[in-house]
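Participant: Would you mind keeping the following structure in view while I ask a few things?
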Amino acid sequence: MDVEANVEIIQRNINEACDISNRDTEEITIIGVTKYVTIERAQEAGQAGIINLAENRMEGLLEKKEQIANDQVTWHFIGTLQSRKVKNVVDSIDYLHSLDRLSLAKEIDKRSSKVLPCFIQVNVSGEDSKHGLAKDEVVEFVKALRDYSNIQVVGLMTMAPFIDDEKEIRAVFRQLRELRDTIQEKNWEHAPCRYLSMGMSHDYKIAIEEGATHIRIGSSLVGTSETR
Ligand SMILES: *Cc1c(COP(=O)(O)O)cnc(C)c1O
């Protein structure tokens, strides 16, 4: 399917989820995850109006960014970022979705030439395979980030377990929202924490119903290299 047709389907699903939860569709940002696909395919996403793109590896990010060379695109980094790679990517991204340790914050603070908007990655489900802070570590962590003036905590990010049980997925998203609310109530200047980066191809409708502001969609938007 061409990306434009996929965007239409996704947009329709967003509208439905917003109707159900009484939300405004304007609150939802679609981030196109291009990690599986070619530069040409990523460009199609841009032409279909998806101007937020994400990669999860440094190499992919730098390559896509250079080739696409479009100032209209906002670049998101959604993968684990090794501290030693920070200097190579930090000035090439607009948002980081995977801040999960102080050593990384320190390196970003040192290397970045601007204030970088960051999402804190939280491992709500507690699965061993997932990165991110445990839920009960998050508030202290965010508080400690005030020492790093190049870091702005704009929100929280999580990945739900890859399962069919909708109730369990929903519970994960809901817990992230509650945690977001807790941090927001602190009114910390360095952590407005308004956003929720949650929801992928198989669960973004549930995520929107539970408050997602940024959904990260790969396979159902641009496909994977195998499926096209
Ligand atoms: C790959 C990836 C996505 C997109 O996954 P799809 O299921 O293909 O939509 C979203 N978020 C993160 C962190 C990813 O690594």
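The values are calculated or read from the model by the stated rules, or taken from the named source; none is laboratory data. Small disclaimer: the values here were computed from a predicted structure and weren't measured. So basically every Cβ, Gly included, is an ideal-geometry build from the backbone, and we count neighbours across all protein chains shown. Heavy atoms of the whole protein, side chains included, go into the accessibility calculation; ligands, DNA and RNA do not. Shrake-Rupley method; radii C 1.70, N 1.55, O 1.52, S 1.80 Å.
Participant: Tell me what the chain gives for mean residue ellipticity at 222 nm when only DSSP H runs of n ≥ 4 count, each as -39,500 (n - 2.57), the sum divided by the residue total, rounded to 500 deg cm²/dmol. Could the numbers behind the result be given before it?
Facilitator: Numbers: 9 runs with 90 residues, N = 228.
Value at 222 nm, helices only, nearest 500: -11500 deg cm²/dmol.
Participant: Continuing with the same structure: Quick query: amide H of ASN52 versus all other amide H atoms, modeled in the peptide plane; which residues come in under 5 Å with a sequence gap of 5 or more or a different chain?
Facilitator: GLY32, THR74
Participant: Quick one: net charge around ASP100, please, counting Lys, Arg +1 and Asp, Glu -1 for every other residue with C-beta under 11 Å from its C-beta.
Facilitator: On the way: positive: ARG101, LYS130; negative: GLU137.
Once positives and negatives cancel, what remains is +1.
Participant: Sort 139-150, 90-101 for me by packing, meaning the mean count of neighbouring Cβ atoms within 10 Å per residue, highest on top. Kindly include the intermediate steps, with their values, before the conclusion.
Facilitator: Numbers: 139-150: 15.8, 90-101: 20.6.
Result, highest mean first: 90-101, 139-150.
Participant: Would you pull out the residues with amide H under 5 Å of ALA160's amide H, same chain only if 5 or more places away, H placed 1.01 Å from N?
Facilitator: Hits under the 5 Å cutoff: GLY199.
Participant: Right, something else. So what are the three principal axis dimensions of the chain from its Cα atoms, in whole Å, longest to shortest?
Facilitator: 47, 40, 32
Participant: In the neighborhood of ILE215, defined by Cβ-to-Cβ distances under 10 Å, what is the net charge if each Lys or Arg adds +1 and each Asp or Glu adds -1? Don't skip to the end; give the middle numbers.
Facilitator: Details: positive: LYS205, ARG216; negative: ASP203.
Charge balance in the 10 Å sphere: +1.
Participant: A further question follows. Name all residues of the range 129-172 having a backbone nitrogen under 15 Å from the label point set 7 Å from the Cα of GLU189 along its Cα→Cβ direction, giving them as ranges.
Facilitator: 145-153
Participant: Here's another thing I want to ask about it. Pick out, in residue order, every one of the trypsin sites (Lys or Arg not before Pro) in the range 43-99 that is DSSP loop and has at most 16 other C-beta atoms within 10 Å; say none if there are none.
Facilitator: Working: sites: ARG57, LYS64, LYS65, ARG84, LYS85, LYS87; in loops: ARG57.
Taking the range 43-99 and a limit of 16 other Cβ atoms within 10 Å, the loop trypsin sites (Lys or Arg not before Pro) found are ARG57.
Participant: Continuing with the same structure: ARG111 accessible area, nearest 10 Å², 1.4 Å probe?
Facilitator: Spelled out: ARG111, probe radius 1.4 Å, area about 100 Å².
Participant: Just the number, please: Stokes-Einstein D of the range 10-120 in µm²/s, Kirkwood Rh from C-alpha pairs, 4 °C, 1.567 mPa s. Before the final figure, lay out the partial values.
Facilitator: Values: Rh = 15.1 Å.
Roughly 86 µm²/s, to the nearest whole number.
Participant: Please work out the FRET efficiency for the pair ALA134 and GLU166, using the Cβ-Cβ distance as r and a Förster radius of 30 Å; give the result to the nearest 0.05.
Facilitator: With a Förster radius of 30 Å, E is 0.80.
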